[in-house]
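Q: Pasting a structure below so you can have a look.
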Amino acid sequence: MALTTAALIGTAGSALACYPSDDHATAVPNPKIRNCADAKVPGDTLVKSGDKTDLIEFTGGVPDKDKTLTITSVAEGVTITAIVVKGGDGYNLYVPGEKGLSETPPWQDLKSPLNGGRQVPTISHWFVCGSKKDTPPSETTAPTKPSTPATETSKPSAPATSETSVSPTSTTAPAAVPAGNESGTGGGLANTGFDNSWLIWVAALLLVAGGGLLALLKFRRKASE
């Protein structure tokens, strides 16, 4: 109600050149309204018809063409205090949260007040009042370059030479075998492959037999005497 009263200051006693067209708005006669200061509402003029903006999203509202304006969303950090839609000899003042208008968008089918012929005129222009919080720029951290580890190029170490101690091989010459005694039979006789060890036994038997024979002969001789 405070905003509506402020908007009507200075209009008292003047002939009403426009007629209400929307229960959610206050119709105000003023053909020269241009900004929020003229409308005597709090806030700055954030967006005007024809502006390219990212503060609000809207459809319609093309001057001298459309009869309605719909604001679908508001950017983060933006507060809307009033919306002014001008057409004919006056404007409609929309205040979010007043006269049944929702505090948050969407705000649909916003229009100008009726003209003298009780018709909704095309929109001549519109603007949005309010404030916005400046969002601090995000600190962009420059990507750190990966540190390249210092590579120590070490020369390949020479392989350790293994000292293989080779013990001198003592070669013992085989004992000389007398010729003809390679089989170990003794003597200087040629080795014919014939084993003559039995001859020794035969000789020993003959010696024993001869000794026995001599003893027998001596015994008989003594007996005959």
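The values are calculated or read from the model by the stated rules, or taken from the named source; none is laboratory data. Since this is a predicted model, take the numbers as computed values, not measurements. Using ideal geometry, Cβ is built from the backbone for each residue, glycine included, and neighbour counts are taken over all protein chains shown. The protein model used for the area step is the full one, side chains on, heavy atoms only, and it has no ligands, DNA or RNA in it. Shrake-Rupley method; radii C 1.70, N 1.55, O 1.52, S 1.80 Å.
Q: What nm distance separates the two modelled labels at LYS133 and GLN119, each placed 7 Å from Cα along Cα→Cβ?
A: It is 4.7 nm.
Q: Follow-up. I'd like the accessible area for HIS125: 1.4 Å probe, protein heavy atoms, all chains in place, Å² to the nearest 10.
A: The accessible area comes out at roughly 20 Å².
Q: In the stretch 109-132, whose amide N lies under 15 Å from the spot 7 Å out along Cα-to-Cβ of LYS65? List them in ranges.
A: So the set is 122-126.
Q: If we count every other residue with Cβ under 11 angstrom of THR70's Cβ, Lys/Arg +1 and Asp/Glu -1, where does the sum land?
A: On the way: positive: LYS111; negative: GLU57, ASP66, ASP109.
Local net charge: -2.
Q: Just to be sure I follow: if Rg is taken over the C-alpha atoms of the stretch 82-125 and Rh is the Kirkwood radius over the same atoms, what is Rg/Rh? Walk me through the numbers before you get to the answer.
A: Values: Rg = 11.0 Å, Rh = 11.0 Å.
Computed over Cα atoms, the ratio is 1.00.
Q: Going by average Cβ density within 10 Å per residue, which order do the peptides 101-107, 49-55, 204-210 take, highest to lowest? Can you show the working numbers first?
A: Working: 101-107: 14.1, 49-55: 11.9, 204-210: 10.0.
Final packing ranking: 101-107, 49-55, 204-210.
Q: What pairs from LYS32/LYS67; LYS32/LYS133; LYS52/LYS86; LYS32/LYS99 go past 28 Å between their alpha carbons? It would help to have the intermediate numbers written out before the result.
A: Values: LYS32/LYS67 19 Å; LYS32/LYS133 30 Å; LYS52/LYS86 19 Å; LYS32/LYS99 25 Å.
LYS32/LYS133, as the Cα separations exceed 28 Å there.
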